[in-house]
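**Q** Structure in structure tokens, see below.
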Amino acid sequence: MTPKLELGLFDWIDRGNFDVADLYEQRIQLVEIADQAGFYGYHLAEHHGTSLGAAPSPSVFFSALAQRTSQIRFSAMAFLLPLYHPVRLAEEICMLDHLSNGRVEVGVSRGVSPYEIKGYGVDPDSTQEVFDESLEVIVKCMTDDSLSYNGKHFQFDDLEVSVKPKQKPNPPFWYPTFSEKGTKYAANHGFNFITLGPPELTAQLSALYQQTFEESKTSMQLKKQPKIGTMRQIFIADTDQEAMRIAEPAYNTWYRSITELWHKNNDTSFDDFFSWESCLNNETILVGSVDSVKSKILDLVEKTGINYFAGSFAWGSLPFEKSQESLCRFIKEISPSLSA
């Protein structure tokens, strides 16, 4: 029996060939559709120095989104903690939590791309220890009356943090990863978890998360099991052939964006991982008719045991109208089967 899923949207807001102001408005309109359809969450990737990152400050975008939606929750996926002062970020998150009436969630990461980190003058070799300290400081800012902390990178003595989150003790956290180490980290901390990659890897990491979580002390403290999810890029058309014809050139634009900084540094590490043929074969991009896409998602859910599925419907050079139509088809003709 297919487990009941909660649904979300995943987004990069990659620039493609669009006017940036139009791009922001169109993305908000897509999230409004998902909001009205009852989606749980909207997750926005943070990127810098690349066409992939037309929204390098997720908080700014979320402040607009909070005013145009009423129930969908939203999170950066993820805030790159080594690029922030943790107190400033904690203050922004708390503001957003009130602006949205308690709908903000907090994805955290130390960053995958060393080239983006270097662009801010941060040593990639220091990101793990900066991440660990930053996260500790952020949680303390949200939960303690005042902040005292003595770490290698951050020191505070009875610092007053005037704005606390609406959600108590703090908004939910997310941790995106496709490694075993990262999966164990997420499970041991009770963070919501999202991954990418082929069904076999998703199944492996989903099982590892569930096992680690059940064995951790954190599981005793949480009222419900965290979300265990995966992300897929999706495009739906009348037929498989039409979907492929429209999606491939749009995907190639996205591919150039996501590999842009790597290629500028003569690094081809992720070329095969994100190539069109590889992603089709590994079913990390789902392109086709309603029946084709539905079948692959149902199979994915059955094989992996996930309880959360995030679809990305706008990427590369896909025209807004095509993304909108694809999302609406998903909502009307596929999502009822997933939440049954």
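None of the figures in this text is laboratory data; all of them are computed from the coordinates on show. For clarity, every value in this text was computed on a predicted model and none was experimentally measured. Positions of Cβ are generated from backbone atoms using ideal geometry, with glycine treated the same way; all protein chains shown enter the neighbour counts.
**Q** With the dipole of the chain worked out from charges on the C-beta (+1 for Lys and Arg, -1 for Asp and Glu) around the Cα centre, which of T284, W262, Q221 lies farthest toward the positive end?
**A** Q221
**Q** Oh, and also: Using only Cα atoms, figure out Rg for segment 152-270 and give it as a multiple of 2.2 N^0.38 Å.
**A** Rg over 2.2 N^0.38 Å, computed on Cα atoms: 1.48.
**Q** Calculate how steeply helix 58-68 sits against the longest principal axis of the alpha-carbon atoms of the chain, using the helix alpha-carbon long axis, and give the answer as 0 to 90 degrees to the nearest 10.
**A** 70 degrees
**Q** Once phi is turned into θ = phi - 60°, what whole-Hz ³J(HN,Hα) does the Karplus curve with 6.51, -1.76 and 1.60 give for every residue of segment 34-48, x standing for Gly and Pro?
**A** For segment 34-48, the Karplus curve yields 5, 4, 5, 7, x, 4, 6, x, 10, 10, 10, 6, 9, 9, 9 Hz.
**Q** Taking the Cβ of M95 as the centre, find all other residues whose Cβ is under 15 Å away and add up their charges (Lys, Arg: +1; Asp, Glu: -1).
**A** Local charge sum for M95: 0.
**Q** Right, next: Relative to the longest principal axis of the C-alpha atoms of the chain, give the angle of the C-alpha long axis of helix 290-304, reported between 0 and 90° and rounded to the nearest 10°.
**A** For helix 290-304, the angle is close to 40 degrees.
**Q** So what's the angle, to the nearest 10 degrees on a 0 to 90 scale, between helix 86-99 and the longest Cα principal axis of the chain?
**A** 60 degrees
**Q** Ranked from highest to lowest mean number of other Cβ atoms within 10 Å per residue, what is the order of the peptides 33-45, 254-266?
**A** In descending order of packing, they fall as 33-45, 254-266.
**Q** Let me ask something else. Among the aspartates and glutamates, which have Cα under 18 Å from the Cα of K224 when same-chain residues fewer than 8 positions away are ignored?
**A** Leaving aside aspartates and glutamates fewer than 8 places away in the same chain, those within reach of K224 are E6, E105, E214, E215.
**Q** Work out the P(r) tail for segment 15-70: percent of alpha carbon pairs separated by more than 16 Å, whole number.
**A** 43 percent
**Q** Tell me, what is the Rg over Rh of segment 6-338, with Rh the Kirkwood radius over Cα pairs?
**A** That ratio equals 0.95.
**Q** Sticking with this one: Hey, what's the Cα Rg ratio for segment 1-131 versus the globular rule of thumb, 2.2 N^0.38 Å?
**A** Against the empirical 2.2 N^0.38 Å value, I get 1.10 for segment 1-131.
**Q** Also: How large is ³J(HN,Hα) for each residue in segment 312-326, as worked out from phi by the Karplus curve 6.51 cos²θ - 1.76 cosθ + 1.60 (θ = phi - 60°), to whole Hz, x for Gly and Pro?
**A** 10, 10, 10, 7, x, 9, 4, x, 3, 4, 5, 5, 4, 5, 5
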